[in-house]
Amino acid sequence: KKSTKNNFIVTDAVFSMDGDIAPLKDIAFLSKKYKALLMIDDAHGTGVLGRTGRGTLEHLGIRGDGIIQMGTLSKALGCFGAFTAGSDDLINFLINKARSFIYSTSLPPAVSEAGIKAIDIVDFKSANLRRKLWHNRQRLSDGLKDLGYNTFDSETPIIPILAGNAENALKLSRYLYKNKIFAPAIRPPTVPNEKCRIRFSVTALHTDDDIDRVLEAVKKFK
């Protein structure tokens with residue numbers, strides 16, 4: 001709106017229920033066109049996407065001013081806490097004006113150091129882990145599709161399969177759990193009832209045998 005001093009476009013970078021990636025190139029174009037700041041939550045892209053694990057912006061080759069990148073240390077980095085990355089002016093503004101930062105208790109030093117070490121691993125030691133992660137992701141995704149499952153538009157290690165209604169989703173989740181596979185059923189109000197699903201999250205530590213065991217269990221259930 002013309003009366004608005006500062007415009008923001010805010011989006012997740014990776015959507016946690018479908019595992020798909022936001023059309024950030026198009027969104028970045030719109031943010032420049034309308035002189036808006038682009039704010040992305042890259043919780044599921046940090047450490048996973050991009051050549052060096054810096055997230056969805058790196059993955060898509062997006063650079064430039066007017067972008068605020070937020071993320072968490074609690075997913076791929078296996079720690080606790082969060083971060084905001086942006087210009088010096090933005091960071092100084094948040095330090096002095098962001099109430100949720102100013103009035104929150106600081107992270108314990110040990111947790112902060114663990115987060116720093118996790119970032120160091122992403123920076124210097126994670127290329128092989130990411131290759132293994134994407135190998136596992138592709139193996140599971142291809143296998144589920146071969147079995148006839150709808151994996152939505154997943155492009156990431158978050159791989160859902162459509163289970164129909166809540167009852168079916170719970171049955172499949174419990175069946176998998178009995179077979180020592182933890183894959184939660186996602187039900188309303190998180191998703192519409194007709195789009196209840198099982199949500200798989202692949203890691204770099206899974207083996208080919210692990211993936212094949214999941215596929216075999218899903219096949220037997222079907």
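The values are calculated or read from the model by the stated rules, or taken from the named source; none is laboratory data. All values derive from a computational prediction rather than experimental measurement. Here the Cβ positions follow ideal geometry from the backbone for every residue, glycine too, while neighbour counts run over all protein chains shown.
A few remarks follow.
- Looking only at the stretch 64-83, and only at residues there that are assigned to a loop (DSSP other than H, G, I, E, B) and without any contact (Cβ under 8 Å) to a residue 40 or more places away in the chain, the one that is nearest to the chain's Cα centre (by Cα): Lys75
- Residues (among the basic types (Lys, Arg) and either within 21 Å of Ile198 (Cα to Cα) or at pLDDT below 95 (or both)) located in the stretch 132-147: Arg137, Arg139, Lys145
- All of Phe93, Phe80 fail the test of being aromatic (Phe, Trp, Tyr) and farther than 19 Å from Phe8 by Cβ, apart from Phe80.
- Test: residue in the stretch 125-145 that is assigned to a helix (DSSP H, G or I) and over 27 Å from Asp20 (Cβ atoms): no
- Residue that is surrounded by the fewest Cβ atoms within 10 Å (Cβ to Cβ) [pool: residues in the stretch 164-177 that are touching a Phe, Trp or Tyr at 6+ places or on another chain (Cβ under 9 Å) and of a type in the set (A, V, I, L, M)]: Leu176
- Selected residue (criterion: surrounded by the most Cβ atoms within 10 Å (Cβ to Cβ)) from residues of the stretch 17-26 that are under 15 Å from the mean Cα position of the chain (by Cα) and on the phi < 0 side of the Ramachandran plot: Leu24
- Breaking point among (1) of a type in the set (S, T, N, Q); (2) surrounded by fewer than 12 Cβ atoms within 10 Å (Cβ to Cβ); (3) at pLDDT 95 or above, for Ser106: (3)
- Residues being over 14 Å from Ile159 (Cβ atoms) and assigned to a helix (DSSP H, G or I) - total across the stretch 191-220: 11
- Residue in the stretch 77-90 that is crowded, with 19+ Cβ neighbours inside 10 Å and under 30 Å from Arg199 (Cα atoms) present: yes
- Against the test of being assigned by TED's automatic domain parsing to the domain that holds Ser74, closer than 30 Å to Phe83 by Cβ and within 17 Å of the chain's Cα centre (by Cα), the options Ile119, Ile159, Ile186 yield a single qualifying residue, Ile119.
- Filter result for Ile161 (among the β-branched types (Val, Ile, Thr), more than 30 Å from Thr52 (Cβ to Cβ) and at pLDDT 95 or above): yes
- When the stretch 177-190 is filtered for residues that are out of contact with any strand residue (DSSP E or B) (no Cβ under 8 Å at 6 or more places or on another chain) and outside any loop (DSSP other than H, G, I, E, B), the ones remaining, listed by number, are Tyr177, Lys178.
- When Ala185 is tested against (1) in contact with a Ser or Thr (Cβ under 6 Å, 6 or more places away or on another chain); (2) touching a residue at least 60 places away in the same chain (Cβ under 8 Å), just one condition goes unmet, and that condition is (2).
- Near pairs, Cβ below 8 angstrom, 6+ apart or cross-chain, from the stretch 27-43 (surrounded by 12 or more Cβ atoms within 10 Å (Cβ to Cβ)) to any residue that is polar (S, T, N, Q) and assigned to a helix (DSSP H, G or I): Leu37/Ser31; Leu38/Ser31; Ile40/Thr56; Asp42/Thr56
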